[in-house]
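Taken together, the values in this text are just the output of simple stated rules run on the coordinates, not laboratory data. None of these values were measured; they are calculated from a predicted model. We place every Cβ from the backbone using ideal geometry, glycine too, and count neighbours over all the protein chains shown.
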Amino acid sequence: MSTPAAVLPPTVSLSIESVLGGQGVLHAKPRTALDWVSVIRRGISSAAVDSATKTLHVTQAELAGALGIPERTLARRKKEGTLNSEESAKLVRLARVAERAQEVFEDPDVAMHWLKSPNTALGAAVPLSLMDTDIGAESVLDTLGRIEHGVFA
């Protein structure tokens, strides 16, 4: 006999907001792309770093590498309390890609496994390793779109 869905533990969603720690960390409820622009320009609380490492199941070193931010800089920002706008933009970009991966794979664990595994469509690169540049992130998003539409090459 199967367990009713109502009693199963909820799966953590990989939404942009959840990856970054929610409204409590963001001190805002961005609803549009332009709302995100103002959040990024203001600088995101460094608590979002801890939230991202926990939600995405990565170490701070892995997160720093994915964002192209030296680990010592991330540690310093955590002490200062706020990421600068460039660092904030990189963290939001990573959260957007994680959210998109969950949309495609419909499971946060499968999405994170895909983001951490070498991918032939990306020249055998690990998708997470491409998050430090806009072009890399766009390539990952393009690959996710092709997977979603059944085009693997």
- Estimated FRET transfer efficiency when R0 is 41 angstrom, pair ILE135-THR32 (beta carbons, to 0.05): 0.95
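Place the peptides 51-64, 87-100 in order of packing, highest mean first, counting for every residue the other Cβ atoms within 10 Å and averaging per peptide.
87-100, 51-64
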- Task: Run down the aspartates and glutamates and flag those whose C-alpha is under 16 Å from the C-alpha of LYS29, throwing out any fewer than 8 positions away in its chain.
- Result: GLU17
- What distance in nm separates the simple spin-label points at ALA124 and GLN23, each placed 7 Å from Cα in the Cβ direction? 4.8
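Under 14 Å from the Cβ of VAL39, count the other residues' Cβ atoms, weight Lys and Arg +1, Asp and Glu -1, and hand me the total.
Net charge in that neighbourhood comes out at +3.
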- Item | Label point distance in nm, ARG72-GLU86, each placed 7 Å from Cα along Cα→Cβ | 1.7
- For every helix of n ≥ 4 consecutive DSSP H residues, a contribution of -39,500 (n - 2.57) applies; sum these over the chain, divide by its total residues, and give [θ] at 222 nm rounded to the nearest 500 deg cm²/dmol. -17500 deg cm²/dmol
- Query: If the chain between ARG146 and VAL110 were fully stretched, how many nm would it gain, using 0.36 nm times the residue separation less the Cα-Cα distance?
  - Reply: 11.3 nm
- Per q in 0.21 1/Å, what log10 I(q)/I(0) does a Debye calculation on the alpha-carbon atoms of region 109-153 return? -0.64
- Output for the chain (equivalent-ellipsoid semi-axes, sqrt of 5λ from the C-alpha gyration tensor, Å, descending) is 25, 20, 15
- Footprinting proxy, SER46, SER38: sorted fewest to most Cβ within 10 Å, the residues are SER38, SER46
- Query: So, in nm, how far is label ARG41 from label GLU62 when the simple model puts each one 7 Å beyond its Cα toward the Cβ?
  - Reply: 3.5
